[in-house]
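The values are calculated or read from the model by the stated rules, or taken from the named source; none is laboratory data. Owing to the predicted nature of the structure, the values given are computational and were not obtained by experimental measurement. Quick reminder, even Gly has a Cβ in these numbers, built from the backbone with ideal geometry, and neighbours come from all protein chains shown. Ligands, DNA and RNA are excluded from the accessible area calculation, which covers all protein heavy atoms including side chains. Shrake-Rupley method; radii C 1.70, N 1.55, O 1.52, S 1.80 Å.
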Amino acid sequence: MEEGAHEKLLHLTFEETEGTESSENAKTSFLQSSKFMLWLQIFIFTFFTLGGQTVGTLLGRVYYEQGGQTRWIATLAQTAGFSILLPIICYPSPKNPNEQELSTDQPSIFVRASVYIFLGLFQVANSLSYTVGVQYLPASTYSLISGSQLAFNALTSLFLNGQKITPIILNSIVLLSFSSSAVMFQNETGDSGEISQKSLLLGFAATTFGSLGYALQFSFTELAFQKVFKSGTLKEVMKMSFFVGFFVTIASLTGLFASGNWRDLEKEMGAYRTGKLSYVINLVCTAIAWQLYAVGSFGLVFKASSLFSNVIINLGTSIVPIFAMVFLKDRMTGLKVLSLLLGLWGYTSYIYQHYLLDLEAKASEIKTSDDQDDDF
């Protein structure tokens, strides 16, 4: 009888061990699937960011080259595409079993609106600061100061979002900052030497404020996703992009009518070299492109971090000249090649750091699993 009980105990122990192994395998498979989906989403958002940035920049160039002159219209085209997200915003999300538990943590409409308005007005202030900087500074000086945005974002991410700044990430930030600055040095010969000290100080202050402002905007966006919008769904990215774009568009429309530039629209459309239809198509496609860029950049903040999103944007600054050479027949210079190489090097360094962090996470999981097995 004791032998039968002993055999039964061994059989039960074998089944428990087999069940534990099966559970561990399922857990490992789930983690691998989750990581794959995460990197797939990051890849899609990266494609949206780089694609939207490239197409939007090139179409903006075409707008001015073909006779467009109104800055408020060009600014408006960068945010007016928010309306294409309306069907996604209105489409009901599939019901989640845990939806009732999550709903208690969701912010009120007032809190949501406050966050969207704050980020929207912040973006308007940053854009105006950069506009003043471009007006009063030489292109080379402007590019150097605006290239500091990534460095500012590293600091704001460190203090506001708890981002770890490793030597590899620091190397990536330096390379990408130089990359985004180097591409504009070729315009130095066209800079006017007759710039007053007052104008230089004003341009320097405005551009520095814009760089710091955009860095803070990225970090505040990440903080909003972390602390305010806790649903963890991609629909939050769409809502953020839609409502921020909506409030920025309202501000741009206010500027357009307050400046009186709206009276010249019909004249500008008639003077557009490739025709009125081409004028409208350009602005519509520009709006769609920049909206994809907005979704991509917000998505990268949501799925990765504000610093990661800024790294991708700075990489895009180096890639745009390549497409300008192909589609707009721009001349490829040594500085553009250097900018691209520095950008790719910086981006590769940043991705390599994430690869090392993944290895550390896997090693930690294996060690934890081994410790649990030893305790058993």
- Just the Cα atoms of region 217-263, one point each, no solvent: what log10 I(q)/I(0) does Debye give at q = 0.15, 0.17, 0.19 Å⁻¹? -0.52, -0.60, -0.67
- So how do 50-62, 152-164, 293-305 stack up, highest first, on mean other-Cβ count within 10 Å? 293-305, 50-62, 152-164
- Message: Using the basic label-point model (7 angstrom from Cα toward the beta carbon), what is the residue 91 to residue 200 distance in nanometres?
- Response: 5.5 nm
- Query: Say R0 is 30 Å: what FRET efficiency, to the nearest 0.05, do residue 267 and residue 341 get from their beta-carbon distance?
  - Reply: 0.10
- Query: Where the convex hull is taken over the Cα atoms of region 196-304, what is its projected area averaged over directions, in nm²?
  - Reply: 9.9 nm²
- Query: Simple spin-label model, 7 Å along Cα-to-Cβ: residue 233 to residue 83 in nm?
  - Reply: 2.6 nm
- Would you work out the relative contact order for region 236-376, in percent, from Cα pairs under 8 angstrom that are 6 or more residues apart? 17 percent
- Could you sort out which of 164/227; 239/329; 164/235; 235/267 sit more than 30 Å apart by Cα distance in this structure? 239/329; 235/267
- Item | Table column - 3J(HN,Hα) (Hz), region 50-56, Karplus curve with 6.51, -1.76, 1.60, x for Gly and Pro | 5, x, x, 5, 5, 5, x
- Query: Classify region 260-345: rounded, prolate or oblate, from the alpha-carbon gyration tensor (a ≥ b ≥ c, eigenvalue square roots; a/c under 1.5 rounded; otherwise prolate if a/b is larger than b/c)?
  - Reply: oblate
- Query: Given +1 on the Cβ of Lys and Arg, -1 on the Cβ of Asp and Glu, and no further charges, what dipole in debye does region 284-372 carry about its Cα centre, rounded to the nearest 20?
  - Reply: 560 debye
- With a 10 Å radius around each residue's Cβ, average the other Cβ atoms per peptide and rank 313-325, 34-46, 341-353, 276-288, highest first. 313-325, 341-353, 276-288, 34-46
- Per residue, how much accessible area does region 224-335 have with a 1.4 Å probe, in Å²? 45 Å²
